[in-house]
1. If you go through the range A:203-232 one residue at a time, how many are surrounded by 19 or more Cβ atoms within 10 Å (Cβ to Cβ), over 17 Å from the mean Cα position of the chain (by Cα) and not hydroxyl-bearing (S, T, Y)?
2. Do any helices (runs of 4 or more DSSP H) entirely within the range C:116-216 hold 3 or more residues that are in contact with a Lys or Arg (Cβ under 6 Å, 6 or more places away or on another chain), and if so, which?
3. Which one is nearest to the other protein chains (Cβ to nearest Cβ), of the residues in the range C:5-53 that are more than 17 Å from C:I238 (Cα to Cα) and touching a Ser or Thr at 6+ places or on another chain (Cβ under 8 Å)?
4. For A:L236, state whether it is surrounded by fewer than 18 Cβ atoms within 10 Å (Cβ to Cβ) and among the hydrophobic types (A, V, I, L, M, F, W, C).
5. Take the residues of the range B:68-100 that are surrounded by fewer than 17 Cβ atoms within 10 Å (Cβ to Cβ) and assigned to a loop (DSSP other than H, G, I, E, B): which is farthest from the other protein chains (Cβ to nearest Cβ)?
6. Search the range A:253-275 for residues being part of a loop (DSSP other than H, G, I, E, B) and in contact (Cβ under 8 Å) with a residue 40 or more places away in the chain, and hand back the single one that is surrounded by the most Cβ atoms within 10 Å (Cβ to Cβ).
7. It is to be established whether one or more residues within the range B:246-254 are crowded, with 17+ Cβ neighbours inside 10 Å, closer than 12 Å to B:L53 by Cβ and among the aliphatic types (A, V, I, L, M).
8. Go through C:P191, C:P177 for me and flag whichever is modelled with pLDDT under 95, in contact with an Asp or Glu (Cβ under 7 Å, 6 or more places away or on another chain) and within 21 Å of C:T80 (Cα to Cα).
Amino acid sequence: MSIPAEVQFGSRVRGSLQLFLRFLMPPARWTQSRLKRWGITGRVLVVSVPYLWLLFFFLVPFVIVLKIAFSETQIAMPPYQPVFHWVDDRILQIKLNMANFAFLWRDDLYWKAYLNSIKIAGVSTLLCLLIGYPMAYAIARVRRESRNVLLMMVILPFWTSFLLRVYAWIGILKNNGLVNNFLMWLGVIDRPIVMLQTDFAVYIGIVYSYLPFMILPLYANLEKMDVTLLEAAEDLGCRPWKAFLTITLPLSMPGIVAGSMLVFIPAVGEFVIPALLGGPQTLMIGKVLWTEFFNNRDWPVASAVAIALLLLLVVPIMYLQRSQAQQSAGERT
Amino acid sequence: MATTQKPGGKIEIWNDPTAVPYIRIERVSKKFGDFVAVHDVSLNIYKGELFCLLGGSGCGKTTLLRMLAGFEEPTSGKIFLDGVDVSDTPPYERPVNMMFQSYALFPHMSVEQNVAFGLKQDGLPKAEIRRRVGDMLGLVRLGAFAKRKPHQLSGGQRQRVALARSLIKQPKLLLLDEPLAALDRKLREHTQFELVNIQDQLGVTFVVVTHDQEEAMTLSSRIGVMDHGEIIQVGTPTEIYEFPNSKFVAEFIGSVNMFEGRLIEDEPDHVRIHSEEIGGTIYLDHGVSSPPGARVWAAIRPEKVLMGRDRPDSEDNVTRGRVEDIAYMGDVSIYLVRLDSGKVVRITQPNIWRHAEDRITWDEPVFLSWHSSSPVVVGE
Amino acid sequence: MRRPPFFRVSVLVFGFAFLYVPILSLVVYSFNESRLVTVWGGFSTKWYGALLRNEQVLNAAWLSLKIAAVNATGAVILGTLAGLALARFGRFRGRTLLSGMTTAPLVMPEVITGLSLLLLFVVLEQIVGWPQGRGVTTITIAHMTLTMAYVSVIVQSRLASLDESLEEAAMDLGARPWKVFFVITLPIIAPALISGWLLAFTISLDDLVIASFVAGPGSSTLPMVVFSKVRLGVSPDINALATIMVLLVTIGVIIAGILMARQEKARQRDVQMALAANQ
């Protein structure tokens, strides 16, 4: 039932907490009865602290982005005009500037970038799946003792810097980089293949960086699968490949969905990878947003880009939430 | 056990009209959304009883127990403990303790610390806590293991720690959730007797939840049989077994043979039932409370059916059949006899003789009979 | 297994090679004499010296470490409260919203969260005068908002696998709910909280996008400095930095592994003890 490390550690934590509590006890009881009178129980406090924080620092900012997406640019700090106007201190005038959204629609750059981002993210997700699924499957089928080591090896790159790992690919893919030097040394090519600053490099970058996010949910799902199901199938005359397709694959769907969403959704808005590995032709919406904001100082347009991106991702995000909720409900039975 | 000394001998406390119930469950219901887990249950439990709530999965017994503990609030109805309404009282303020099915021992505390936990919450002085913990560990024979942690103990030892921890506060009521479920057969028997002894010694009122009828029969002073959130019958083990009030209770406890029939004679001192299944009549030497001509069920326990090769001399309470199956259990043998009507009757006979060359065997035609006091008439 | 696991082994070998070759290349080239990182010029440690003399990088590193530590501590507090509420409080008003707000940051593209937080800070400064200018405070707040979601998920899943009857037993024995949390729940889930702290720390240390949005003049974090350098091309002192990080992480992982192995041995010993002393 229990695990010794927790036990040892827990005993020491408990000891120090006891001392801490002894000093808090008398005033705590009194405050508690006071607060109870106002209907503020301990539960309400526990819920409201993170709730208010998130409401204020996560939800409200989105409302502000929405508001600014509707305003006009101005050369000032902050570089946008207020949306709400008090005219004669009495009448509230709302100047909704739809121009930003119209601009998004009219200018080729934006909707091309959206589509391109979805394409790149989608293909990368697929590649991640093709590489990650066999790896997750292999780890789930290895001897129990080795599994933890292998998982640790999957997770280890995740703890090293994302930025630095993407940077590593610059050194590998550039014209006099690792791959080109190796191929030229082998004599396979005369001139370096241009790999950096292309869409190809972006694909590699995304697949490389997000692979652990695909492997872990897949592994979690495959590990829980009942091996006797496959044995029953083989006993009934089903060949291994067929058993995989008709039993393992469908049962691992929740893992596939979770992994794919965990890769696809952030990949659409990726900035670092297209910035470092992609070229000026590489249109991704994250880079566009950044450029609008930092280079063009056009906050309203950047906000509009963000809102549009958010709307684009709402469906996949809700899909992920629902799939997670279904899975945890199923596990509880 | 739970008896009071009265002039003229002992009577059971629940039959004593002057006794005040220690625990009063008054028309308690519990709903989870649309699902009714407990429906309009009323129960009186007396001080010093070992009361068992018996039923299958989902019958509501665990929910009722949790309401007694304070982990669930009744949707309607009230619960009184020693005269005090505790329906709204949270578990940490009730003089009730519970022994959990999983034991719920705190893994990061030693046996001593686990047992002392409840006393520490009450703020007792250290010396007294130490003394009482020592006494309690002695009572459950775990003194040598005081410093160990739960994962260093065997299953039986963990259970004793759980028991010690829940008894040390001398609660007015101790609740036990399937206490013997996790133990193997030998340990179960041993622990059954230990529990009864400890309860007797300390005089604490126990309410036990179980799905195992053997457990209930062995442990309890009284049993409450539950089904679908309702109490079907409350009584002593004997009453439940020999005088079930319904088909459900008769079939739930032990094995039983049910004969369907029609009342053809209904007198205050005897009753005759015609049953197609036995191809004859059943004669009871007591009256029943069903209208004449009604369809009734006569329940006869397997050990009360007599089996022989010769036809007995009676007109009623006799039937004929052929032995279909025999199971030899060592102490008893179970016979399955198929009657002419096709119905299968179950009979148990103790193996009185070690050598019985003449034992009734498969496919033999036999006559079955029973005493006129053996059947019990039950409604649906 | 009847068949030799050829497929399995080759998949794992190629997969892990793919994951690790880039990291190894960073390490190897940090010892390259030549400035042209990928053309080998001989073994040298001079880039480590250059790195350690680079004031800009050192200041940024120190700033990042401070922010990461404060952020991790705050995230653990907030995330534990949220995780506790979601795992133990059943249905309460606003539960769906809280659940959504604690999982959305995990998948939301960072450009969106970064932009929205910056705009919040700007508007706040206009209305109430706080925060004055952007810097350490705003970066820390922004990171906390992101990382608390991770901690909340970890705590929630740990609590879900924790037997509720432990907490019920404590309440049954007379402990009030908050006491139950501090004396029973917290000590048992402590390892999950530590891994949550480490995760929040790492995420903050590594974050580029959000920090870029909400940072101010004079508050450059380490990722920001690294990014501005590598945009211009490969830079060997960055390789040195990468190698140091990889070294630290590897040491951490090895220590964790040793601790866990020792735990496992102790657990085996205890189980033997229990079986031997069976009464």
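The values are calculated or read from the model by the stated rules, or taken from the named source; none is laboratory data. The model shown is predicted, which means the values in this text are computed figures rather than measured ones. Every residue, glycine among them, receives a Cβ derived from its backbone with ideal geometry; neighbour counts consider all protein chains shown.
1. Residues that pass the stated criteria total 3.
2. C:186-206
3. C:G41
4. When the stated conditions are applied, A:L236 passes them.
5. So the residue we want is B:G83.
6. Here is the first cut: in the range A:253-275, the residues part of a loop (DSSP other than H, G, I, E, B) are A:269-271.
Right, trim to in contact (Cβ under 8 Å) with a residue 40 or more places away in the chain and you get A:269-270.
Working: A:G269: 26, A:E270: 28.
Once the filter is applied, the top-ranked residue is A:E270.
7. No.
8. Step by step, each of C:P191, C:P177 is checked, and only C:P191 is modelled with pLDDT under 95, in contact with an Asp or Glu (Cβ under 7 Å, 6 or more places away or on another chain) and within 21 Å of C:T80 (Cα to Cα).
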